[in-house]
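Below is one structure, written out as C-alpha coordinates; comments come after it.
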(Lines give C-alpha, C1' and ligand atoms only; values in the text may rest on other atoms or scores of the structure.)
Protein backbone atom coordinates (compact mmCIF):
# COMPACT_ATOMS: atom_id res chain seq x y z
CA UNK A 1 0.00 0.00 0.00
CA UNK A 2 1.31 3.50 -0.79
CA UNK A 3 2.13 5.81 2.10
CA UNK A 4 -0.39 8.66 2.53
CA UNK A 5 0.94 11.09 5.13
CA UNK A 6 -1.12 14.06 3.94
CA UNK A 7 0.65 16.76 5.92
CA UNK A 8 -0.43 20.32 5.18
CA UNK A 9 1.63 22.04 2.49
CA UNK A 10 2.76 25.60 3.16
CA UNK A 11 5.22 26.14 0.31
CA UNK A 12 6.32 24.57 -2.95
CA UNK A 13 9.14 24.67 -5.47
CA UNK A 14 9.15 23.58 -9.11
CA UNK A 15 12.16 21.91 -10.71
CA UNK A 16 12.14 21.19 -14.43
CA UNK A 17 14.68 18.57 -15.47
CA UNK A 18 16.38 18.19 -18.81
CA UNK A 19 19.60 19.32 -20.44
CA UNK A 20 17.57 20.28 -23.51
CA UNK A 21 15.91 23.02 -21.44
CA UNK A 22 19.28 24.47 -20.44
CA UNK A 23 20.44 24.44 -24.06
CA UNK A 24 17.34 26.33 -25.17
CA UNK A 25 16.18 23.56 -27.48
CA UNK A 26 12.79 23.49 -25.75
CA UNK A 27 10.84 26.39 -24.26
CA UNK A 28 9.94 25.61 -20.65
CA UNK A 29 6.19 26.20 -20.36
CA UNK A 30 5.69 23.64 -17.60
CA UNK A 31 6.81 25.89 -14.75
CA UNK A 32 4.38 28.68 -15.65
CA UNK A 33 1.49 26.23 -15.94
CA UNK A 34 2.27 24.52 -12.63
CA UNK A 35 2.78 27.78 -10.75
CA UNK A 36 -0.62 29.01 -11.86
CA UNK A 37 -2.35 25.79 -10.86
CA UNK A 38 -0.64 25.66 -7.47
CA UNK A 39 -1.68 29.25 -6.78
CA UNK A 40 -5.26 28.23 -7.40
CA UNK A 41 -4.84 25.47 -4.85
CA UNK A 42 -3.54 27.96 -2.28
CA UNK A 43 0.01 26.61 -2.41
CA UNK A 44 2.56 29.43 -2.84
CA UNK A 45 5.53 28.72 -5.11
CA UNK A 46 8.70 30.22 -3.67
CA UNK A 47 11.18 29.19 -6.36
CA UNK A 48 11.43 27.64 -9.81
CA UNK A 49 14.51 25.99 -11.26
CA UNK A 50 15.93 24.06 -14.20
CA UNK A 51 18.65 21.44 -13.94
CA UNK A 52 20.26 19.14 -16.50
CA UNK A 53 20.42 15.36 -16.57
CA UNK A 54 23.42 15.16 -14.27
CA UNK A 55 23.16 12.93 -11.18
CA UNK A 56 25.16 15.11 -8.80
CA UNK A 57 23.58 18.39 -9.83
CA UNK A 58 20.09 16.91 -9.86
CA UNK A 59 20.50 15.47 -6.38
CA UNK A 60 21.84 18.78 -5.07
CA UNK A 61 19.01 20.77 -6.66
CA UNK A 62 16.33 18.46 -5.28
CA UNK A 63 17.88 18.43 -1.81
CA UNK A 64 18.10 22.24 -1.76
CA UNK A 65 14.46 22.57 -2.79
CA UNK A 66 13.27 20.10 -0.18
CA UNK A 67 15.35 21.90 2.43
CA UNK A 68 13.26 25.02 1.82
CA UNK A 69 9.81 23.79 0.75
CA UNK A 70 7.25 21.22 1.84
CA UNK A 71 6.43 20.21 -1.74
CA UNK A 72 8.71 19.70 -4.74
CA UNK A 73 7.16 19.15 -8.15
CA UNK A 74 9.47 17.96 -10.91
CA UNK A 75 8.89 17.55 -14.63
CA UNK A 76 11.05 15.40 -16.87
CA UNK A 77 13.57 12.64 -16.29
CA UNK A 78 11.05 9.78 -16.18
CA UNK A 79 11.94 8.23 -19.53
CA UNK A 80 13.49 4.84 -20.34
CA UNK A 81 17.08 5.95 -20.94
CA UNK A 82 20.02 5.89 -18.58
CA UNK A 83 20.00 9.66 -18.08
CA UNK A 84 16.40 9.61 -16.79
CA UNK A 85 17.14 9.49 -13.07
CA UNK A 86 14.45 11.57 -11.35
CA UNK A 87 12.75 8.65 -9.57
CA UNK A 88 16.01 7.13 -8.44
CA UNK A 89 17.25 10.44 -7.06
CA UNK A 90 13.99 11.13 -5.22
CA UNK A 91 13.99 7.63 -3.74
CA UNK A 92 17.53 8.09 -2.48
CA UNK A 93 16.72 11.44 -0.86
CA UNK A 94 13.73 10.06 1.05
CA UNK A 95 15.32 6.74 1.88
CA UNK A 96 13.20 4.53 -0.37
CA UNK A 97 14.26 1.44 -2.30
CA UNK A 98 13.23 0.95 -5.92
CA UNK A 99 10.99 -1.96 -6.80
CA UNK A 100 9.24 -3.31 -9.89
CA UNK A 101 5.55 -2.36 -10.27
CA UNK A 102 3.72 -4.91 -12.38
CA UNK A 103 0.64 -2.74 -12.92
CA UNK A 104 2.76 0.04 -14.42
CA UNK A 105 4.54 -2.52 -16.61
CA UNK A 106 1.20 -3.81 -17.87
CA UNK A 107 0.01 -0.32 -18.77
CA UNK A 108 3.24 0.45 -20.62
CA UNK A 109 2.94 -2.80 -22.58
CA UNK A 110 -0.69 -2.00 -23.44
CA UNK A 111 0.38 1.46 -24.64
CA UNK A 112 2.79 -0.06 -27.14
CA UNK A 113 0.41 -2.82 -28.21
CA UNK A 114 -2.42 -0.35 -28.88
CA UNK A 115 -0.15 1.45 -31.35
CA UNK A 116 1.17 -1.67 -33.04
CA UNK A 117 4.68 -1.07 -31.67
CA UNK A 118 7.15 -3.35 -29.96
CA UNK A 119 8.12 -2.47 -26.42
CA UNK A 120 11.87 -2.31 -26.00
CA UNK A 121 13.65 -3.79 -23.00
CA UNK A 122 14.67 -0.42 -21.56
CA UNK A 123 11.04 0.68 -21.28
CA UNK A 124 10.76 -1.70 -18.34
CA UNK A 125 12.83 0.87 -16.43
CA UNK A 126 9.75 3.08 -16.37
CA UNK A 127 7.93 0.49 -14.27
CA UNK A 128 10.53 0.74 -11.50
CA UNK A 129 9.08 2.80 -8.65
CA UNK A 130 10.17 3.94 -5.18
CA UNK A 131 8.58 1.88 -2.45
CA UNK A 132 5.37 3.43 -1.17
CA UNK A 133 4.91 5.61 -4.26
CA UNK A 134 1.47 6.84 -5.25
CA UNK A 135 1.33 6.16 -9.00
CA UNK A 136 -0.62 8.32 -11.43
CA UNK A 137 -1.14 6.47 -14.75
CA UNK A 138 -0.15 8.17 -18.00
CA UNK A 139 -2.68 7.57 -20.78
CA UNK A 140 -0.72 9.62 -23.33
CA UNK A 141 2.77 8.23 -22.89
CA UNK A 142 4.87 5.53 -21.30
CA UNK A 143 6.12 7.37 -18.21
CA UNK A 144 3.78 7.11 -15.20
CA UNK A 145 3.77 10.05 -12.81
CA UNK A 146 4.14 9.49 -9.10
CA UNK A 147 4.30 11.03 -5.64
CA UNK A 148 6.28 10.03 -2.59
CA UNK A 149 6.07 11.43 0.91
CA UNK A 150 8.62 11.13 3.64
CA UNK A 151 11.37 12.68 5.75
CA UNK A 152 14.72 13.91 4.48
CA UNK A 153 16.18 12.88 7.82
CA UNK A 154 14.77 10.88 10.71
CA UNK A 155 12.46 12.99 12.82
CA UNK A 156 12.47 15.81 10.30
CA UNK A 157 9.59 17.54 8.55
CA UNK A 158 7.54 15.53 6.08
CA UNK A 159 8.28 16.36 2.45
CA UNK A 160 6.35 15.53 -0.71
CA UNK A 161 7.85 14.98 -4.15
CA UNK A 162 5.56 14.79 -7.16
CA UNK A 163 7.25 13.65 -10.37
CA UNK A 164 5.58 14.39 -13.69
CA UNK A 165 6.58 13.61 -17.29
CA UNK A 166 8.13 16.47 -19.23
CA UNK A 167 5.95 16.68 -22.40
CA UNK A 168 3.10 19.13 -21.63
CA UNK A 169 0.51 17.00 -23.47
CA UNK A 170 1.28 14.21 -20.98
CA UNK A 171 1.95 16.33 -17.89
CA UNK A 172 -1.15 18.55 -17.96
CA UNK A 173 -3.83 15.81 -18.06
CA UNK A 174 -2.12 13.93 -15.22
CA UNK A 175 -1.86 17.06 -13.11
CA UNK A 176 -5.47 18.05 -13.65
CA UNK A 177 -6.92 14.55 -13.39
CA UNK A 178 -4.85 13.07 -10.56
CA UNK A 179 -2.49 15.54 -8.88
CA UNK A 180 -5.04 18.27 -8.16
CA UNK A 181 -7.35 15.85 -6.31
CA UNK A 182 -4.30 14.49 -4.46
CA UNK A 183 -3.27 17.99 -3.33
CA UNK A 184 -6.73 19.30 -2.50
CA UNK A 185 -7.28 19.47 1.22
CA UNK A 186 -3.56 19.73 1.96
CA UNK A 187 -3.68 23.49 2.41
CA UNK A 188 -5.86 25.75 4.56
CA UNK A 189 -5.79 28.59 2.03
CA UNK A 190 -6.58 29.54 -1.53
CA UNK A 191 -4.78 32.16 -3.59
CA UNK A 192 -6.75 34.38 -5.98
CA UNK A 193 -5.44 37.02 -8.38
CA UNK A 194 -6.75 39.61 -10.81
CA UNK A 195 -4.83 41.69 -13.34
CA UNK A 196 -5.49 45.39 -13.98
CA UNK A 197 -4.56 46.14 -17.60
CA UNK A 198 -2.76 49.46 -18.15
CA UNK A 199 -1.74 51.04 -21.45
CA UNK A 200 -0.07 54.35 -22.21
CA UNK A 201 2.48 54.49 -19.40
CA UNK A 202 5.50 52.36 -18.54
CA UNK A 203 6.18 50.18 -15.54
CA UNK A 204 8.12 52.91 -13.73
CA UNK A 205 5.30 55.45 -14.10
CA UNK A 206 2.70 52.92 -13.00
CA UNK A 207 4.81 52.00 -9.97
CA UNK A 208 5.17 55.64 -9.00
CA UNK A 209 1.41 56.17 -9.16
CA UNK A 210 0.74 53.07 -7.06
CA UNK A 211 3.85 52.99 -4.87
CA UNK A 212 2.12 53.73 -1.56
CA UNK A 213 -0.39 50.99 -2.23
CA UNK A 214 2.31 48.51 -3.24
CA UNK A 215 4.31 49.18 -0.09
CA UNK A 216 1.40 49.12 2.34
CA UNK A 217 -0.67 46.29 0.88
CA UNK A 218 0.42 42.89 2.19
CA UNK A 219 -2.74 40.86 1.70
CA UNK A 220 -3.79 41.43 -0.94
CA UNK A 221 -0.47 42.29 -2.56
CA UNK A 222 -0.16 44.76 -5.46
CA UNK A 223 2.69 44.34 -7.95
CA UNK A 224 3.46 45.53 -11.49
CA UNK A 225 4.34 43.19 -14.36
CA UNK A 226 5.65 44.64 -17.60
CA UNK A 227 4.59 43.26 -20.98
CA UNK A 228 5.60 44.55 -24.40
CA UNK A 229 3.67 47.78 -24.76
CA UNK A 230 1.63 47.55 -21.58
CA UNK A 231 1.72 47.04 -17.82
CA UNK A 232 -0.31 44.68 -15.68
CA UNK A 233 -0.97 45.32 -12.02
CA UNK A 234 -1.51 41.97 -10.36
CA UNK A 235 -3.58 41.97 -7.18
CA UNK A 236 -3.29 38.73 -5.19
CA UNK A 237 -5.02 37.70 -1.97
CA UNK A 238 -4.64 34.64 0.27
CA UNK A 239 -7.67 33.54 2.27
CA UNK A 240 -9.44 30.48 3.63
CA UNK A 241 -12.02 30.47 0.83
CA UNK A 242 -12.02 31.63 -2.77
CA UNK A 243 -15.03 33.85 -2.12
CA UNK A 244 -13.20 35.63 0.69
CA UNK A 245 -10.04 36.06 -1.41
CA UNK A 246 -12.08 37.34 -4.36
CA UNK A 247 -13.78 39.96 -2.17
CA UNK A 248 -10.39 41.15 -0.92
CA UNK A 249 -9.01 41.44 -4.44
CA UNK A 250 -12.09 43.17 -5.82
CA UNK A 251 -11.92 45.82 -3.09
CA UNK A 252 -8.28 46.51 -3.93
CA UNK A 253 -9.00 46.72 -7.67
CA UNK A 254 -11.66 49.35 -6.99
CA UNK A 255 -9.11 51.35 -4.99
CA UNK A 256 -6.66 51.18 -7.90
CA UNK A 257 -9.35 52.62 -10.16
CA UNK A 258 -9.40 55.72 -7.94
CA UNK A 259 -5.66 56.42 -8.21
CA UNK A 260 -3.83 58.57 -10.82
CA UNK A 261 -3.40 55.36 -12.84
CA UNK A 262 -7.13 55.25 -13.56
CA UNK A 263 -7.04 57.04 -16.97
CA UNK A 264 -4.62 54.41 -18.26
CA UNK A 265 -6.65 51.36 -17.23
CA UNK A 266 -8.24 49.79 -20.30
CA UNK A 267 -9.59 46.62 -18.71
CA UNK A 268 -9.33 44.10 -15.89
CA UNK A 269 -8.32 40.49 -16.53
CA UNK A 270 -8.09 40.93 -20.28
CA UNK A 271 -5.63 38.53 -21.95
CA UNK A 272 -4.72 41.20 -24.53
CA UNK A 273 -5.62 44.58 -25.99
CA UNK A 274 -7.17 42.92 -29.03
CA UNK A 275 -9.49 40.81 -26.86
CA UNK A 276 -10.77 43.97 -25.20
CA UNK A 277 -11.14 45.71 -28.57
CA UNK A 278 -13.29 42.89 -29.96
CA UNK A 279 -15.46 42.84 -26.84
CA UNK A 280 -15.90 46.63 -26.79
CA UNK A 281 -16.85 46.70 -30.47
CA UNK A 282 -19.48 44.04 -29.86
CA UNK A 283 -20.87 45.90 -26.88
CA UNK A 284 -21.20 49.06 -28.97
CA UNK A 285 -22.42 47.37 -32.15
CA UNK A 286 -19.50 48.74 -34.21
CA UNK A 287 -17.38 47.25 -36.99
CA UNK A 288 -13.69 47.70 -37.77
CA UNK A 289 -11.39 47.64 -40.81
CA UNK A 290 -7.59 47.94 -40.78
CA UNK A 291 -4.99 49.34 -43.18
CA UNK A 292 -1.35 48.54 -42.40
CA UNK A 293 1.99 49.51 -43.82
CA UNK A 294 4.88 49.19 -41.32
CA UNK A 295 3.06 46.65 -39.14
CA UNK A 296 2.69 44.34 -42.12
CA UNK A 297 -0.55 42.62 -41.09
CA UNK A 298 0.30 42.24 -37.41
CA UNK A 299 -2.87 44.01 -36.25
CA UNK A 300 -5.06 41.85 -38.46
CA UNK A 301 -3.27 38.71 -37.35
CA UNK A 302 -3.85 39.54 -33.70
CA UNK A 303 -7.52 40.30 -34.28
CA UNK A 304 -8.14 37.11 -36.24
CA UNK A 305 -6.42 35.05 -33.57
CA UNK A 306 -9.67 35.60 -31.67
CA UNK A 307 -12.23 33.04 -32.82
CA UNK A 308 -15.49 34.50 -34.07
CA UNK A 309 -14.21 38.05 -34.53
CA UNK A 310 -15.74 38.33 -38.01
CA UNK A 311 -18.91 39.83 -36.58
CA UNK A 312 -16.98 43.03 -35.80
CA UNK A 313 -13.74 42.81 -37.82
CA UNK A 314 -14.60 43.10 -41.51
CA UNK A 315 -11.09 42.84 -42.96
CA UNK A 316 -8.18 44.95 -44.06
CA UNK A 317 -5.26 45.65 -46.37
CA UNK A 318 -1.49 45.49 -46.09
CA UNK A 319 -0.43 48.31 -48.39
CA UNK A 320 3.34 48.33 -48.22
CA UNK A 321 4.03 50.14 -51.48
CA UNK A 322 2.83 53.60 -52.46
CA UNK A 323 1.02 52.22 -55.50
CA UNK A 324 -1.01 49.82 -53.33
CA UNK A 325 -1.98 52.68 -51.05
CA UNK A 326 -3.35 54.53 -54.06
CA UNK A 327 -4.99 51.56 -55.77
CA UNK A 328 -6.50 49.76 -52.78
CA UNK A 329 -7.19 52.58 -50.33
CA UNK A 330 -7.61 55.63 -52.54
CA UNK A 331 -4.72 57.53 -50.95
CA UNK A 332 -4.04 60.62 -53.04
CA UNK A 333 -0.90 60.50 -55.18
CA UNK A 334 -0.46 64.18 -54.39
CA UNK A 335 -0.50 63.43 -50.65
CA UNK A 336 2.22 60.84 -51.08
CA UNK A 337 4.28 63.20 -53.21
CA UNK A 338 3.90 66.21 -50.89
CA UNK A 339 4.07 64.53 -47.49
CA UNK A 340 5.45 61.04 -48.05
CA UNK A 341 4.17 57.61 -47.10
CA UNK A 342 5.19 58.15 -43.49
CA UNK A 343 3.05 61.14 -42.59
CA UNK A 344 -0.06 62.11 -40.70
CA UNK A 345 -1.82 62.93 -43.97
CA UNK A 346 -1.14 59.51 -45.52
CA UNK A 347 -2.09 57.62 -42.36
CA UNK A 348 -5.38 59.54 -42.17
CA UNK A 349 -6.23 58.79 -45.81
CA UNK A 350 -5.37 55.12 -45.29
CA UNK A 351 -7.72 54.86 -42.32
CA UNK A 352 -10.49 56.68 -44.16
CA UNK A 353 -9.97 54.65 -47.32
CA UNK A 354 -10.20 51.25 -45.65
CA UNK A 355 -13.25 52.34 -43.66
CA UNK A 356 -15.11 53.52 -46.75
CA UNK A 357 -14.13 50.64 -49.03
CA UNK A 358 -15.03 47.93 -46.53
CA UNK A 359 -18.06 49.76 -45.14
CA UNK A 360 -16.99 49.66 -41.51
CA UNK A 361 -17.78 52.08 -38.70
CA UNK A 362 -14.10 52.49 -37.78
CA UNK A 363 -10.90 52.39 -39.78
CA UNK A 364 -7.43 52.31 -38.25
CA UNK A 365 -4.06 52.53 -39.96
CA UNK A 366 -0.31 52.46 -39.39
CA UNK A 367 2.48 53.91 -41.50
CA UNK A 368 6.04 54.25 -40.32
CA UNK A 369 9.69 53.20 -40.37
CA UNK A 370 10.27 50.01 -38.38
CA UNK A 371 13.94 49.69 -39.34
CA UNK A 372 16.62 48.68 -39.14
CA UNK A 373 17.16 50.88 -42.21
CA UNK A 374 15.10 53.45 -44.04
CA UNK A 375 15.30 56.29 -41.54
CA UNK A 376 16.31 59.89 -42.24
CA UNK A 377 17.28 62.77 -39.94
CA UNK A 378 13.75 64.15 -40.35
CA UNK A 379 12.05 60.76 -39.97
CA UNK A 380 14.34 58.38 -38.06
CA UNK A 381 13.70 54.69 -37.52
CA UNK A 382 10.84 54.40 -35.05
CA UNK A 383 8.78 57.20 -36.56
CA UNK A 384 5.26 55.82 -36.83
CA UNK A 385 1.90 57.44 -37.51
CA UNK A 386 -1.31 55.75 -36.45
CA UNK A 387 -4.71 57.05 -37.49
CA UNK A 388 -8.34 56.34 -36.75
CA UNK A 389 -11.26 57.22 -38.97
CA UNK A 390 -14.97 57.42 -38.15
CA UNK A 391 -17.92 59.21 -39.73
CA UNK A 392 -16.87 62.25 -37.68
CA UNK A 393 -13.44 62.47 -39.32
CA UNK A 394 -9.87 61.35 -38.74
CA UNK A 395 -7.39 61.66 -35.89
CA UNK A 396 -3.69 60.85 -36.12
CA UNK A 397 -0.98 60.27 -33.55
CA UNK A 398 2.78 60.45 -34.03
CA UNK A 399 4.86 57.84 -32.19
CA UNK A 400 8.57 58.25 -31.51
CA UNK A 401 9.77 54.68 -31.00
CA UNK A 402 13.45 55.07 -31.91
CA UNK A 403 14.55 54.12 -28.40
CA UNK A 404 13.11 50.64 -28.92
CA UNK A 405 15.54 50.00 -31.80
CA UNK A 406 14.31 46.47 -32.48
CA UNK A 407 12.08 46.12 -35.56
CA UNK A 408 9.71 43.58 -34.00
CA UNK A 409 9.27 45.67 -30.85
CA UNK A 410 8.56 48.82 -32.84
CA UNK A 411 5.90 46.99 -34.84
CA UNK A 412 4.33 45.54 -31.69
CA UNK A 413 4.15 48.97 -30.02
CA UNK A 414 2.65 50.50 -33.17
CA UNK A 415 0.01 47.77 -33.34
CA UNK A 416 -0.83 48.24 -29.67
CA UNK A 417 -1.22 51.99 -30.10
CA UNK A 418 -3.43 51.58 -33.16
CA UNK A 419 -5.74 49.20 -31.31
CA UNK A 420 -5.78 51.45 -28.26
CA UNK A 421 -7.13 54.32 -30.38
CA UNK A 422 -10.45 52.49 -30.38
CA UNK A 423 -10.74 52.96 -26.60
CA UNK A 424 -10.62 56.72 -27.08
CA UNK A 425 -13.60 57.20 -29.38
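The values are calculated or read from the model by the stated rules, or taken from the named source; none is laboratory data. Just so we're clear, the structure is a prediction, and the values are computed from it rather than from any experiment. Cβ placement follows ideal geometry from the backbone for every residue including glycine, while neighbour counts extend to all protein chains displayed.
Observations on the structure shown:
- Test: residue in segment 103-125 that is in a loop (DSSP other than H, G, I, E, B), modelled with pLDDT of 90 or more and farther than 20 Å from residue 53 by Cβ: no
- For segment 262-295, a residue qualifies if it is more than 24 Å from the chain's Cα centre (by Cα) and surrounded by 15 or more Cβ atoms within 10 Å (Cβ to Cβ), and the qualifying residues are 281, 286, 287, 288, 289, 290, 291, 292, 293, 294.
- Selection from segment 63-92 of residues that are part of a helix (DSSP H, G or I) and surrounded by 19 or more Cβ atoms within 10 Å (Cβ to Cβ): 65, 66, 86, 87, 89, 90, 91
- Residues satisfying the stated conditions in segment 253-275, i.e. touching a helix residue (DSSP H, G or I) at 6+ places or on another chain (Cβ under 8 Å) and assigned to a helix (DSSP H, G or I): 255, 256, 262, 264, 273, 274
- Restricting attention to segment 276-299, the residues that are within 16 Å of residue 361 (Cβ to Cβ) and assigned to a loop (DSSP other than H, G, I, E, B) total 3.
- Residue in segment 225-248 that is touching a strand residue (DSSP E or B) at 6+ places or on another chain (Cβ under 6 Å), assigned to a strand (DSSP E or B) and exposed (fewer than 14 other Cβ atoms within 10 Å of the Cβ) present: yes
- Scanning segment 136-175 for residues that are in contact (Cβ under 8 Å) with a residue 40 or more places away in the chain and within 24 Å of the chain's Cα centre (by Cα) turns up 162, 163, 164, 165, 166, 168, 171, 172, 175.
- Taking (1) more than 30 Å from residue 231 (Cβ to Cβ); (2) touching a strand residue (DSSP E or B) at 6+ places or on another chain (Cβ under 6 Å); (3) not in a helix (DSSP H, G or I) in turn, residue 194 satisfies each apart from (1).
- Residue that is modelled with the lowest pLDDT, among those in segment 408-425 that are in a helix (DSSP H, G or I) and more than 22 Å from the chain's Cα centre (by Cα): 424
- Looking only at segment 74-84, residues that are farther than 19 Å from residue 26 by Cα and in contact with a helix residue (DSSP H, G or I) (Cβ under 6 Å, 6 or more places away or on another chain) come to 1 in all.
- Matching entry among 335, 319 (being surrounded by 23 or more Cβ atoms within 10 Å (Cβ to Cβ) and touching a helix residue (DSSP H, G or I) at 6+ places or on another chain (Cβ under 6 Å)): 319
- Only a single criterion out of (1) under 28 Å from residue 230 (Cα atoms); (2) in contact with a helix residue (DSSP H, G or I) (Cβ under 6 Å, 6 or more places away or on another chain); (3) surrounded by 15 or more Cβ atoms within 10 Å (Cβ to Cβ) is not satisfied by residue 414, namely (2).
- Odd one out for residue 306, checked against (1) in contact with a helix residue (DSSP H, G or I) (Cβ under 6 Å, 6 or more places away or on another chain); (2) without any contact (Cβ under 8 Å) to a residue 60 or more places away in the chain; (3) in a loop (DSSP other than H, G, I, E, B); (4) more than 30 Å from residue 254 (Cα to Cα): (4)
- Just one of the numbered conditions (1) farther than 21 Å from residue 192 by Cα; (2) free of Cβ contacts under 8 Å to residues at least 60 places away in the same chain; (3) touching a helix residue (DSSP H, G or I) at 6+ places or on another chain (Cβ under 6 Å) is not true of residue 48: (1).
- Flag not set for residue 60, criterion: outside any strand (DSSP E or B), out of contact with any helix residue (DSSP H, G or I) (no Cβ under 8 Å at 6 or more places or on another chain) and closer than 30 Å to residue 194 by Cβ.
- The set of residues from segment 23-41 being touching a strand residue (DSSP E or B) at 6+ places or on another chain (Cβ under 8 Å), surrounded by 15 or more Cβ atoms within 10 Å (Cβ to Cβ) and assigned to a helix (DSSP H, G or I) comprises 30, 31, 34, 35, 38, 39.
- In the condition set (1) under 29 Å from residue 122 (Cβ atoms); (2) modelled with pLDDT under 95; (3) within 20 Å of the chain's Cα centre (by Cα), residue 43 is compliant with all but (1).
- Screening residue 360 on (1) closer than 16 Å to residue 295 by Cβ; (2) not in a helix (DSSP H, G or I) shows it passes everything except condition (1).
- Which listed residue is in the same structural domain as residue 321 (by TED's automatic domain parsing) and under 17 Å from residue 291 (Cβ atoms), from 396, 383, 409: 396
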